[in-house]
Amino acid sequence: MLYNSLWQTTHAKVVFSTNLNNPVPAGEIVSGKKIVQPISIPGNFKTEDMCFEILFATYDRVNNGTIEISIRQNNKKQIISKDIKGIKDNSYQKLCFNEIELEAGQAYLEIYGVDGSSGNAITVWLTDDIPFGGVFIDGQEYERGLTFKLGYPVDPPAFTITGGAIIFWLFVLTYLLIITFIFLHFIRKPTEM
């Protein structure tokens, strides 16, 4: 069992996702609550790393506590511990498991409540889009599943246009225009006819 303390925000290429159909909350993820979603690892998965985005809800409040999200296949398991305070209501949260080296086939995505309490815990949205079967909540199977996306990490684009990049290039362009103006009007000698 390997713990991964990073709740990463790396770029990911999504290869599978469930649709949010007839959403129902799974109930507060309080201390000891366990949600297990069977999944299928695609045969053409590109790396040994994988990323998930899970749709969480906060009941429109700030909650405190910790949850653990894990991926498990046979005797391989990796756990990510997450402080829930920063999770926004009805938002996908991205997490990536590194060097898990799972094989194509069945695996399990698990969410476990470490120390949440009633009135101070988050939940996940369940959907009736269940291509891998229903979710198990505290051992009981349901006809709904997690709303999630599965993908693998990719390098971020080499160049993205941000506010800082725009300001930088405007500064460079202005500088070049000023230098050109000075050169053309003050430094260059007039040619004789």
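Here's the yes/no breakdown for (1) in contact with a Leu (Cβ under 7 Å, 6 or more places away or on another chain); (2) at pLDDT 65 or above; (3) part of a helix (DSSP H, G or I):
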| residue | (1), (2), (3) |
| --- | --- |
| Asp155 | no, yes, no |
| Phe159 | no, no, no |
| Leu170 | no, yes, yes |
| Thr174 | no, yes, yes |
| Ile178 | no, yes, yes |
| Phe181 | no, yes, yes |
| Met193 | no, no, no |
Could you tell me which residue of the range 125-150 is surrounded by the fewest Cβ atoms within 10 Å (Cβ to Cβ), considering only residues that are in contact with an Asp or Glu (Cβ under 6 Å, 6 or more places away or on another chain) and not in a strand (DSSP E or B)?
Gly134
Going through (1) modelled with pLDDT of 90 or more; (2) of a type outside the set (D, E, K, R); (3) in a loop (DSSP other than H, G, I, E, B); (4) surrounded by fewer than 18 Cβ atoms within 10 Å (Cβ to Cβ) one by one, Asn44 fails only at (1)
Please name all residue pairs, on different chains or six or more residues apart, with Cβ atoms under 6 Å, provided the first residue is in the range 126-141 and is under 14 Å from Ile39 (Cβ atoms) and the second residue is of a type in the set (Phe, Trp, Tyr) and assigned to a loop (DSSP other than H, G, I, E, B).
Gly134/Tyr142; Val135/Tyr142
Select, from Ile122, Ile100, Ile80, the only residue that is in contact with a strand residue (DSSP E or B) (Cβ under 8 Å, 6 or more places away or on another chain), surrounded by 20 or more Cβ atoms within 10 Å (Cβ to Cβ) and under 15 Å from Val24 (Cα atoms).
Ile122
Looking at the range 97-110, I want the residues that are touching a residue at least 12 places away in the same chain (Cβ under 8 Å) and within 15 Å of Tyr152 (Cβ to Cβ) and have a partner that is part of a strand (DSSP E or B) and charged (D, E, K, R) with Cβ atoms under 7 Å, at least 6 apart or on another chain. Which pairs are those?
Ile100/Lys76; Leu102/Lys76; Ala107/Arg72
Being under 16 Å from Gly116 (Cα atoms) and among the basic types (Lys, Arg) is the filter here, so list the residues in the range 21-70 that pass it.
Lys33, Lys34, Arg61
Test for Ile71: is it in a strand (DSSP E or B), free of Cβ contacts under 8 Å to residues at least 60 places away in the same chain and within 16 Å of Glu99 (Cα to Cα):
yes
Matching residues, the range 83-116, being within 25 Å of Asn44 (Cβ to Cβ) and assigned to a loop (DSSP other than H, G, I, E, B)
Asn98, Glu99, Ile100, Glu101, Leu102, Glu103, Ala104
Failed criterion for Ile84 (all others in (1) closer than 17 Å to Gly151 by Cβ; (2) modelled with pLDDT of 90 or more hold)
(1)
Residues of the range 24-41 being modelled with pLDDT under 95 and of a type outside the set (A, V, I, L, M), which ones?
Ser40
Output the number of the condition that Glu53 fails; it satisfies all remaining conditions of (1) assigned to a strand (DSSP E or B); (2) over 21 Å from Asp128 (Cβ atoms).
(2)
I'd like the residue in the range 50-77 that is among the acidic types (Asp, Glu) and touching a strand residue (DSSP E or B) at 6+ places or on another chain (Cβ under 8 Å) and, out of all such residues, is modelled with the highest pLDDT.
Glu68
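The values are calculated or read from the model by the stated rules, or taken from the named source; none is laboratory data. Source: prediction; values computed, not measured. Reconstructed Cβ throughout: ideal geometry from the backbone, glycine too, with neighbour counts over all protein chains shown.
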